[in-house]
Amino acid sequence: MPRPARFGVTLPQIKRTWEEASTTAVEIDALGYDSLWVCDHVYGVPNPALPILEAWTQLSAVAAITKQAKLGTLVTPPFFRNPAMLAKQIATLDQIAPGRVIAGLGAGWFAPEFEQTGCAFPSTRERLRGLEEMVEIMKRMWTEEKATYEGKYFSVNEALCVPKPSQPPEILIGGGGEKVLMGIAARHADTWNNMAVFQADLAQKVEALEKRCEEVGRDPATIEISQQCVVVLGENDDHAKTALEKAKKIYGGHMGGALEEHGIWGSPERVIESIERHRALGVSLFVIEFFGRDTREPARLFKEAVMPAFA
């Protein structure tokens, strides 16, 4: 049986105020979306000078004003924070929003925000090793009375995490690395997320993930597949096409240069067809960045005209 479709929404964060973020979070939650997401960057992307709200601080505030949506990051890297302290932060957030926290984790990639803030930014291979050490420590902190782990980059010795989460938070591993990163996902993740920049390569990425699962003896059906995506939605294709041209100029290569060909855009009917194509490749969770200054407007239209097709 295929997993049911779920739809999450990224919150205003870059060049946005807390008032914009909070009002959007409350409405998206009330509309019945599955989850709310923020990116874990401390610099604006791709321009470091862009103002941005810090991810876990923002999620903590959102947790207190929402009721049902899950809360996650795309994605938190190693070397920004001590893993044991992050595990404690997430455990505390679970006290505010029991069972709603998703630990979205990845290797990180935007060098300036590490190097200029005094954080380590080793090679990709080392960051991936640090990522797996971070996951190991966090899982132990949430489940064991006292956590002990010794790695190359991170270690804990009989570390306490009290109170513990009501249940171990879901772990999402995000990224496109087909060997090492997906191996980490196969060993540890509840969900693997395909980045928007790799949306055109979804079929290839899913095949690679399935191979990594088979290598570690895991049934690929037990790991959920999510897709980070920009959704450009209009009342009809002409309206959406006009918005799409603006979106391509704004996002450029960062969110995927093939937005028009492989992305999700158009009238509600066309958007439904695009989602079905992703579903056929195994995607069940869509982490949506709605295009528009006020993202509540397309979120309302999506709720009314698209989501019923996947109820």
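Every read-out reported here was derived from the displayed coordinates using simple, explicitly stated rules and does not represent laboratory data. Computed from a predicted model, the values in this text were never measured in an experiment. So basically every Cβ, Gly included, is an ideal-geometry build from the backbone, and we count neighbours across all protein chains shown.
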Would you order His41, His278, His188 from fewest to most other beta-carbon atoms within 10 Å of each residue's own beta-carbon?
-> His188, His278, His41
Under Stokes-Einstein, the chain at 20 °C and 1.002 mPa s, with its Kirkwood radius over C-alpha pairs, diffuses with a coefficient in µm²/s of 108
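To make sure I understand, if each residue's beta carbon is the centre and we count other beta carbons within 10 Å, what order do Lys249, Lys241 fall in, fewest to most? Could the numbers behind the result be given before it?
Working: Lys249 8, Lys241 15.
With the sparsest Cβ surroundings first, the list reads Lys249, Lys241.
Would you mind telling me the antiparallel percentage of the DSSP bridges in the chain, rounded to 5?
10
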Looking at the chain, do any whole DSSP H helices span at least 15 angstrom along their long axis by alpha carbon and average -0.5 or above on Kyte-Doolittle, and which?
-> 18-31, 55-65, 83-96
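What does the charge count around Arg100 come to, taking other residues whose C-beta lies under 11 Å from its C-beta (Lys +1, Arg +1, Asp -1, Glu -1)? If you can, show how the numbers build up before the last one.
Details: positive: Lys67, Lys70; negative: Asp29, Asp34, Asp94, Glu170.
Cβ neighbours under 11 Å give a net charge of -2.
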Can you list the HN-Hα couplings for region 168-173, worked out from phi with the Karplus curve (6.51, -1.76, 1.60; θ = phi - 60°), rounded to whole Hz and with x for Gly and Pro?
-> x, x, 4, 10, 10, 10
Most mobile of Pro169, Pro51, Pro78 in a GNM of the chain (Cα contacts under 10 Å) | Pro51
Can you count the Lys pairs in region 6-226 with C-alpha separation below 20 Å, eight or more apart or on different chains?
-> 11
For the chain, with a Gaussian network of springs between Cα atoms less than 10 Å apart, report the residue from Glu150, Glu269, Glu260 with the top mean-square fluctuation.
-> Glu150
Add +1 for every Lys or Arg and -1 for every Asp or Glu among the other residues with Cβ under 14 Å from the Cβ of Thr124, and state the total.
-> +1
